[in-house]
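The next block holds one structure in the form of structure tokens; read it before the comments.
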Amino acid sequence: MLTLDLTNAPRWHDLAPGVRVQLRPLTTALMVATRADPEVEAVPDEATDETRAMAFAKALARRAVLDWEGIGDADGVPIDPSPEAIDALLDIWPIFEAFQLTYVSKGLLLEQEKNASAPLPSGSSAGARATATPVKGRAKTAPRG
């Protein structure tokens, strides 16, 4: 069953020990705005999937991050979120992965739910049941002319 959270309140997500971010809900409006982000649209067609994923994640995070804890400058002084700081945060591989898993993938899992199929243990049709009746002989050749 799909459950709706009608409060639409921001939530805290732990990205690493001692590092957490407060994020807006992953809504359709947020995803559409991110897809239209100039930096996302500027990614060349021949770019790798990894380059596209990084550009999208940074654009999404710049829109979604409201606050954070456990993040500071080079001297260890806590800093507030800014576009530059958010981009720098996502340049850290474990943080990027945690952001993708705890925030982005939850929205994608919902997208995946609507395409549900029977589990396929091996091969493309192993889990499917035959629905067509077997043919009784060869088909006649189509007439010409």
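Coordinate-derived values only; no laboratory data. These numbers were taken from a predicted model, which means no experiment stands behind them. We place every Cβ from the backbone using ideal geometry, glycine too, and count neighbours over all the protein chains shown.
Quick rundown of the values:
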| read-out | value |
| --- | --- |
| Under 11 Å, Cβ to Cβ, from Met54 - net charge with Lys/Arg +1 and Asp/Glu -1 | -3 |
| Cut-off 18 Å (backbone N to label point 7 Å along Cα→Cβ of Arg35), residues of region 63-89 | 63-64 |
| Distance between modelled label sites at Glu46 and Ala139, nm, 7 Å Cα→Cβ extension | 4.4 nm |
| Environment charge of Val40, counting only residues whose C-beta is closer than 10 Å and scoring Lys/Arg +1, Asp/Glu -1 | 0 |
